[in-house]
Amino acid sequence: MTVQTQDTGKAVSAVIAQSWHRCSKFMQRETWQTPHQAQGLTFDSICRRKTALLTIGQAALEDAWEFMDGRPCALFILDETACILSRCGEPQTLAQLADLGFRDGSYCAESIIGTCALSLAAMQGQPINTAGDRHFKQALQPWSFCSTPVFDNHGRLFGSISLCCLVEHQSSADLSLTLAIAREVGNSLLTDSLLAESNRHLNQMYGLLESMDDGVMAWNEQGVLQFLNVQAARLLHLDAQASQGKNIADLVTLPALLRRAIKHARGLNHVEVTFESQHQFVDAVITLKPIVEAQGNSFILLLHPVEQMRQLMTSQLGKVSHTFEQMSADDPET
């Protein structure tokens, strides 16, 4: 662990040295230029594009700040271009940073503020701390900045989380704190993305099942009905909405063949059976598809209307015609 820490420290030192080398070519250490600031419609547009990051990040930062007992520091959310999107923290610290130009919409690019974790974390894609004389600009030397990038579910840089304070108030845990917050935000973004994608696929599947001519029913291992399309509800004389969440055994009397297949998680293919539903007998041709999973079996049942199936079979049989002339003359069986 010590060797790994030393290697990481050397890598960070190399990153800072390279940044100093770049900055020394086009800026003076003694002069301080206020960062450019996006305002009005431009800043609103940036925030709309980062709504997910802001929604999750602001909640995470507020939770972290709540347990800091008024520590003199500030927490920033930045986008992938190192533009400050949101700030929270101790009012006096926020005011001091604002005097330097670190406000909502400020671009903390290396070309403007010199060597600083706010820009380096986004550039390098790794957690970075800069404090004191590690900063190229003398105006930033009283300060400590810790910043950790946030990545989206495709592994692309999405923004960063930063902690800023005066050097005398810095803590060895500051960088770890930004790392923990950034990971929490990244995991929440991933969860929201996967949930949204899952919901899209679910809506597509429901749309497909609703448009089928066959009736479709689905229930879990406990027999709780999870899906019933309009065609199945009509065929079995059920209310599609009221039946959701009820046990299938309480809604219809299942034929013995189907009960045995469910008990043994065995599939059925185009089998003709009779249900009893609402004191009526209903004939149907069914296909049962068991979904076998570690957490339990679930089932999908297709109900094919009997008349349509019979018409299909009749039409298929009507196309078949054989004559004695088609039989082989030297067939040993004849």
Practice problem: Quick one: check the C-alpha center-to-center distance for the stretch 61-87 versus the stretch 104-144, whole angstrom. | Solution: 15
Quiz item: Got a sec to turn the phi values of the stretch 208-220 into Karplus ³J(HN,Hα) couplings, 6.51 cos²θ - 1.76 cosθ + 1.60 with θ = phi - 60°, whole Hz, x for Gly and Pro?
Solution: 5, 5, 5, 8, 6, 6, 6, x, 10, 10, 9, 9, 8
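If Lys and Arg each add +1 and Asp and Glu each add -1, what is the summed charge of the other residues whose beta carbon sits under 11 Å from the beta carbon of SER298? Before the final figure, lay out the partial values.
Details: positive: LYS289; negative: GLU221, GLU293.
Counting the neighbours of SER298, the net charge comes to -1.
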Quiz item: Label points 7 Å out from Cα along the Cβ direction at ARG49 and ASP192: separation in nm?
Solution: 1.7
Quiz prompt | Whole-Hz couplings from phi, Karplus 6.51/-1.76/1.60, listed for the stretch 277-289; x for Gly and Pro | solution = 9, 6, 6, 10, 8, 10, 7, 7, 9, 10, 10, 10, 10
Exercise. Under 4.7 Å Cβ to Cβ, no partner at all: give me those cysteines from the chain, in residue order.
Key: CYS23, CYS47, CYS83, CYS88, CYS108, CYS116, CYS146, CYS164
Quiz prompt | chymotrypsin sites (Phe, Trp or Tyr not before Pro) lying in DSSP loop within the stretch 37-126, provided at most 15 other Cβ fall within 10 Å | solution = PHE67
Exercise. Report Rg/Rh for the stretch 209-313, rounded to two decimals, where Rg is the Cα radius of gyration and Rh the Kirkwood radius.
Key: 0.94
Exercise. Specify the angular offset, from 0 to 90 degrees and rounded to the nearest 10, of the alpha carbon long axis of helix 91-100 from the longest principal axis of the alpha carbons in the chain.
Key: 70
Quiz item: In terms of modelled amide H atoms, which long-range or inter-chain residues lie less than 5 Å from the amide H of CYS108?
Solution: CYS83, ILE84
Quiz item: Can you give the angle from 0 to 90° between the axis of helix 2-23 and the longest principal axis of the chain, with both taken from C-alpha atoms, to the nearest 10?
Solution: 70
Quiz item: If Lys and Arg each add +1 and Asp and Glu each add -1, what is the summed charge of the other residues whose beta carbon sits under 14 Å from the beta carbon of ALA122?
Solution: -2
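Taken together, the values in this text are just the output of simple stated rules run on the coordinates, not laboratory data. Model, not experiment: these values are computed from the prediction. A quick note on method: Cβ atoms are made from the backbone with ideal geometry, for glycine too, and the neighbour counts reach across all protein chains shown.
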